[in-house]
Each structure stands twice: as C-alpha cells, then as structure tokens.
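The values are calculated or read from the model by the stated rules, or taken from the named source; none is laboratory data. Just so it is clear, the model here is predicted, and its values are computed rather than measured. Note that we place each Cβ from the backbone using ideal geometry, even for glycine, and neighbour counts take in every protein chain shown. Note: accessible area is taken over every heavy atom of the protein model, side chains too, but ligands, DNA and RNA are not part of it. Shrake-Rupley method; radii C 1.70, N 1.55, O 1.52, S 1.80 Å.
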Protein chains: 2
Amino acid sequence: MRFLFLTLCLLMASATSSAQPADPVILVIHGGAGTISRATVAPETEVSIRAALEEALRAGHAAIQDGNPALDGVVAAIQVMEDSPHFNAGIGGVFAADGTVRHDASIMDGASGMAGASTGTLHVRHPIQLARAVMENSVHVMLAEEGAEEFAIQQGLEIVPNSLFHTDRRRRALESAQERERELQGSAGYIPEQWQMTGTVGAVALDNAGHLAAGTSTGGMTNKRWGRIGDSPIIGAGTFANDATCGVSSTGHGEFFIRLAVAHDIHARAMYGGETCTQAAEAVIHETLTEAGGTGGVIMLDHDGNVAMPFNTEGMYRGFITQSGQVVVKLYAEE
Amino acid sequence: MRFLFLTLCLLMASATSSAQPADPVILVIHGGAGTISRATVAPETEVSIRAALEEALRAGHAAIQDGNPALDGVVAAIQVMEDSPHFNAGIGGVFAADGTVRHDASIMDGASGMAGASTGTLHVRHPIQLARAVMENSVHVMLAEEGAEEFAIQQGLEIVPNSLFHTDRRRRALESAQERERELQGSAGYIPEQWQMTGTVGAVALDNAGHLAAGTSTGGMTNKRWGRIGDSPIIGAGTFANDATCGVSSTGHGEFFIRLAVAHDIHARAMYGGETCTQAAEAVIHETLTEAGGTGGVIMLDHDGNVAMPFNTEGMYRGFITQSGQVVVKLYAEE
C-alpha cells in the first residue's frame with residue numbers, strides 16, 4: 001500500500017516536472033514550416049537562410065543579457081527575420097490577392113500574461129514592434145488595419161511605403177496562385193496549397209529572471225483576400241506564453257491553428273494534463289493537428305530551458321541558442 | 001487493494017462524467033454581463049429585456065427541431081438579439097470612437113471543429129450570419145473590415161446603412177465615455193470602464209444528434225478605437241465548441257478573455273484536467289478571470305445538456321430552454 005502510494009507520487013512527479021538542463025536554451029526561433037527540402041532550396045540560398053537564422057539567434061541572445069526581459073529577446077530576433085527577404089514577414093512578406101503585403105504580428109509576456117497583436121498593416125516597418133506597443137501602450141490586445149496603422153503612427157513607429165516589403169519571388173508566387181485559382185474556376189473550388197503558407201517567423205525567449213515571452217510575425221497567406229486573419233496575431237493560436245508552463249509560437253496553415261487553439265492547447269495539456277511542455281507540443285502537432293489534416297509546426301521553450309520544435313511538414317526553418325551561446329540551426333526534417 | 005482500485009475508478013468516473021438530465025437544456029443564451037442591477041434597470045425595460053431573451057430562446061428552440069443542426073439554433077437565437085435594441089449587437093450596438101457601430105461575430109461547430117468569424121463590419125445586418133458564411137463558404141476562419149464586407153456582399157447577405165444600428169441610448173454612452181476621457185486627459189490615462197463593455201450576445205445549442213455549436217455577436221466596446229478587436233470574434237476566447245466537452249460563449253472585458261483564452265480554457269480543463277464542464281466554467285470565471293482582475297461571464301452547455309452561466313459582475317442577461325420547452329430567464333446575480 002505504501003509502496004503503491006510512493007510509486008504513484010514518483011509517476012506524478014516525473015510526469016509534471018522537467019529538469020533544468022546544464023546549458024539551458026534561452027531563445028528558440030522559427031522561420032516558417034512548409035515544403036522545405038534539399039530538392040527545393042538552392043545551396044546558396046540555404047547558406048544565406050542559415051546565416052539569417054543564426055543572426056536572429058545572436059541578436060536575441062544579446063538583447064536578453066544584462067538582465068533584460070525575454071520580450072527584448074523576442075523582438076530583437078524577430079526584427080532580424082522581418083528585415084530578411086528569406087522569410088514571410090516584413091521584407092519578403094507574401095502578397096495578398098490585391099497585390100499588397102499585409103502584416104500580422106503578436107507578442108505575449110509569460111510573466112504578466114499581457115499580450116499585444118496587430119493585423120492587416122501595410123506600412124509598419126516592424127510589425128512585432130507594433131504588437132509590443134499595443135501590449136504596453138494601449139488598453140487593448142488586438143488592433144486591425146487602418147486603426148492599427150493610426151496607432152503605430154501615434155506611437156512613432158517607423159512607417160514605410162508598402163513597396164519596401166515587395167520582392168520578385170513573392171510576386172511570382174502570387175501570380176502562380178492566381179493562375180492556379182483561374183484554372184480551378186468552376187471546379188470544386190479553390191483551396192490554398194501548402195506552399196502558400198510558408199515562412200511565418202517566431203521566437204520564444206527565457207530571461208535570467210526565469211520569465212518567458214513569445215512572439216510571431218507574418219505576411220500571412222499568398223493570395224489571401226477579404227481581410228483574412230490567420231493564426232499569427234491570435235493569442236492562443238499563433239502565440240502564447242505563461243511562466244507556469246512554456247512559450248509557443250506557431251507556423252503553418254493558420255485556419256487549423258485557430259480552430260485548434262494550438263498554442264494555448266500546448267499550455268493547457270501541460271497545465272492540466274500533467275504532460276511536460278515537450279510532450280504537449282509533440283502531441284498537439286503529431287496527433288491533434290495531423291489528425292485534423294492541418295500542416296505546420298511550433299517552437300516551444302519551457303521555464304526550465306527545455307526546447308521542442310515539432311512539425312509535420314517537409315521542413316521548418318528553426319534554431320535555438322543556449323545560455324552559453326551555443327547555436328543550433330536546422331532546415332530539413334532529417335536534420 | 002481491490003477496494004482501493006474500485007474507489008479510485010469511482011472517483012475518476014464521478015470527476016469526468018456527468019449524468020444526462022431528465023429534461024436536458026438544449027439552448028443557453030446571454031445578452032451580456034456588466035453593471036446590471038435592479039437599481040440600474042427600469043421596470044418596463046426589465047419586462048422588455050426578459051421578453052426579448054425568451055423570444056431568442058424560443059426561436060433557437062424552434063430552429064433545432066426536426067433534426068436541424070445546433071448551428072441553426074445558435075444563429076436563430078442570436079439573430080433575435082441582434083434585432084433587439086436592448087443588446088450590444090446588431091441594432092443597439094455600441095458606438096466606436098469615430099461614431100460608427102462596428103460589429104464582430106464568431107461561430108463554431110462542435111461536431112466538425114469548423115469555425116468562422118468576422119470583425120469590424122459596418123453594413124452587415126446580421127453579423128452572426130456572416131460568421132457562419134465564413135465558416136461554410138470560405139477557406140478561411142476570420143475576415144476583417146472591408147474585406148469581410150466584400151465577402152458578405154458576394155454571399156448575398158443583407159447589407160444596410162450603418163445608421164440602422166444607431167440608437168440614442170448608445171450615442172449618449174459614447175458622449176459620456178468621450179467626456180470622461182477628456183476629463184482624464186493628462187492624468188494616468190484613460191481606462192475603459194465596466195459599463196462600456198456591456199451587452200455582447202451569445203448562444204450555445206445542443207441538437208438531437210448530440211452535437212454542440214456556439215456563437216457570439218457584439219458591437220464591441222463603447223469608444224473603441226484603432227480597429228480594436230475584442231474577444232467575441234476570437235475562436236478560443238469569445239467562442240469555442242467541441243462535442244467531446246462543451247460549447248462556450250463569453251461576454252465581458254474582452255482583453256482579459258483573449259489573454260486567458262477563456263472559452264478554450266474551459267474546454268481544456270474538462271478535456272485534460274478531469275473537471276466537469278460546469279466545474280471548469282465556474283473555476284475559469286470565479287478563479288482565473290477574477291484573480292486576473294477581469295470582469296464578465298460565460299454561458300456553457302455540455303454534451304449531456306448540463307448548463308452553467310457563471311459571471312463575476314453585478315448581473316448578466318441570461319437564460320436557457322430545455323428540450324421540452326421550459327424557459328428560464330435571469331438578469332441579476334441574486335436570481
């Protein structure tokens with residue numbers, strides 16, 4: 001009887017706690033999940049993408065030294081990716097059906113539970129900065145379109161012409177999507193394809209005080225219309241952070257991530273179900289999302305510095321950096 | 001040992017399942033939570049509000065007879081409240097800072113996990129119909145502003161001038177909010193007050209096939225600006241439904257409901273934590289939301305027809321109808 005009780009206690013303890021690694025991960029990022037394989041990425045592009053991911057990791061790492069908050073690391077890492085044409089965020093964001101690039105972003109502070117998000121902005125240079133400004137300087141969590149731009153201008157954020165975000169590669173992708181759409185006219189209907197949803201960026205950071213933060217930034221889906229909002233600016237779907245469990249940022253077919261509340265579901269499985277955050281992240285991507293027919297992945301960093309980067313697509317641009325500065329960057333599934 | 005095992009099994013069974021009531025509730029609605037008390041509601045208004053709630057319940061009840069889906073009940077009940085000037089949805093929606101009434105709505109089908117939502121529409125007569133059209137006739141979950149209106153027009157939904165939604169009472173509320181804002185100029189800053197967030201409507205239905213659906217519709221927050229999006233159109237915050245657990249619709253200070261992912265959190269506590277949905281709904285409102293400093297409430301209906309309507313405000317317009325047509329309507333906390 002006493003033995004049974006002790007066994008139960010041990011089982012519960014092993015299911016709910018996770019050990020602090022010797023050199024914990026303090027920042028994990030993604031640059032999108034999708035049809036990413038050695039066959040589709042040119043060797044020189046691969047070198048450049050790996051360099052951009054490492055630059056984002058080092059920028060985020062530097063930003064949370066000297067006792068700075070995890071939020072600083074998230075914003076610093078995401079800004080580097082927003083400035084890189086390789087990712088579907090900021091410069092290099094995908095085109096909406098009307099030929100503009102429209103950005104969504106969100107951020108959440110695991111310490112306070114505060115959050116900010118914006119959707120459909122055309123002129124804000126760094127959407128992740130706008131998400132943070134909404135969180136810190138407005139009474140709201142989420143702002144949309146022209147109203148969000150008005151707030152960004154009032155906040156003194158950098159405003160640029162939409163054309164700054166345009167790249168030839170993304171314009172060709174829009175043309176392909178629209179051609180495919182015309183071909184399908186009159187048939188069972190147009191369904192977005194996996195390659196239209198590649199490249200959202202995100203970061204989760206853990207600061208010296210043990211606080212977590214998570215953020216996500218995207219240009220959304222190629223050829224999106226009707227002011228479509230994906231999961232990236234939705235707290236609980238694209239982004240979630242809670243110091244009691246973990247921080248999460250999502251990438252993939254956003255409609256599935258909204259319906260499944262993917263980021264909050266990972267938190268909830270750990271919070272209520274006794275799983276580790278790593279187990280929860282793996283289960284939500286490889287069971288819940290996959291069984292629903294959705295594609296994509298998440299990055300997860302827990303309060304002990306344990307990291308998970310599950311995805312069910314061919315590849316996911318991803319990487320992490322440890323407290324001591326060790327960098328790991330991966331693109332393909334087999335890495 | 002065998003006795004212990006049986007006891008454990010019984011405890012687990014009682015914690016995770018709930019019995020089917022003899023006359024199960026098949027539809028529950030709310031018309032908003034807030035500063036609702038006998039002191040603030042005039043007697044003749046009270047009669048009219050109770051009648052409107054009963055009308056919504058009977059319309060929803062009628063809509064899910066003859067094997068019709070729970071979604072029909074949700075839409076029918078919410079449409080009645082969108083047409084009533086007593087609630088902050090459709091006609092009688094609150095004014096945004098720019099003097100327009102801007103609607104948000106969402107709906108979710110607990111059987112399929114599909115969902116639809118729209119935010120910031122000015123001209124759609126019944127925003128809940130738009131949410132359903134997004135779910136059923138687009139590849140997206142959430143559409144915003146002009147894009148959402150374009151989709152609504154393509155879908156042939158009823159389009160009306162924004163002035164149709166205007167009421168004198170709500171215009172006076174906007175004037176009061178803006179006066180208060182001017183008074184506070186230069187002080188610690190303007191914080192929305194509880195009365196600015198009253199009146200969102202919602203419904204959860206259970207059909208003969210045992211499927212759940214939930215929906216929410218609102219004019220948002222009086223004097224909202226910058227394209228503010230509250231919790232009502234956010235799947236997981238304002239609305240969630242899953243046949244395995246329950247359906248939920250929220251009302252209250254939306255920013256808290258987004259950050260806490262209130263509707264999904266209730267589902268998750270039942271799904272992973274072994275609570276009944278009633279226990280989960282009570283805990284999320286009276287513990288999680290209240291401890292975070294947020295105000296509001298939810299309606300919850302589980303797959304067995306058990307209902308909960310917890311709130312932490314003075315009152316909440318609410319009611320339910322059973323399979324046999326028994327109606328219960330309540331406004332105040334002490335009822």
Considering each of B:A188, B:A173 in turn, give the residue that is more than 30 Å from B:A62 (Cβ to Cβ), open to solvent by 30 Å² or more (accessible area, probe 1.4 Å) and either at pLDDT 95 or above or more than 18 Å from the chain's Cα centre (by Cα) (or both). B:A188
Take segment A:97-146 and flag every residue that is under 14 Å from A:D72 (Cα atoms) and open to solvent by 20 Å² or more (accessible area, probe 1.4 Å). A:D109, A:A111, A:Q129, A:R132, A:E136
Among the residues of segment A:134-144, what is the count of those that are more than 7 Å from every other protein chain (Cβ to nearest Cβ) and either under 20 Å from A:V101 (Cβ atoms) or β-branched (V, I, T) (or both)? 1
Does B:E282 count as within 13 Å of chain A (Cβ to nearest Cβ) and free of Cβ contacts under 8 Å to residues at least 40 places away in the same chain? no
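Would you check if A:A111 is of a type outside the set (S, T, N, Q) and at pLDDT 95 or above? Even if it seems obvious, please write down each step before you answer.
Details: of a type outside the set (S, T, N, Q): yes; at pLDDT 95 or above: yes.
Considered against the rule, which asks whether it is of a type outside the set (S, T, N, Q) and at pLDDT 95 or above, A:A111 comes out as yes.
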All conditions in (1) touching a residue at least 24 places away in the same chain (Cβ under 8 Å); (2) surrounded by 15 or more Cβ atoms within 10 Å (Cβ to Cβ) are true of A:P161 except (2)
Quick check on B:S118: is it without any contact (Cβ under 8 Å) to a residue 40 or more places away in the chain, in contact with a strand residue (DSSP E or B) (Cβ under 8 Å, 6 or more places away or on another chain), within 11 Å of another protein chain (Cβ to nearest Cβ) and at negative phi? no
Please find, within segment B:221-251, the residue that is farthest from the chain's Cα centre (by Cα) out of those that are more than 10 Å from chain A (Cβ to nearest Cβ) and at pLDDT below 95. B:N223
Failed item in (1) out of contact with any Phe, Trp or Tyr (no Cβ under 7 Å at 6 or more places or on another chain); (2) over 20 Å from B:G116 (Cβ atoms); (3) at pLDDT 95 or above, with B:A333 passing the rest: (3)
Determine the pairs where a residue that is over 20 Å from B:H303 (Cβ atoms), located within segment B:18-44, has a partner that is of a type in the set (S, T, Y) and at pLDDT below 90 with Cβ atoms under 6 Å apart, the partner being 6 or more residues away or on another chain. B:G32/B:T198; B:G34/B:T198
Taking segment B:71-85 on its own, how many of its residues are in contact (Cβ under 8 Å) with a residue 60 or more places away in the chain and either open to solvent by 50 Å² or more (accessible area, probe 1.4 Å) or more than 16 Å from B:Q129 (Cβ to Cβ) (or both)? 1
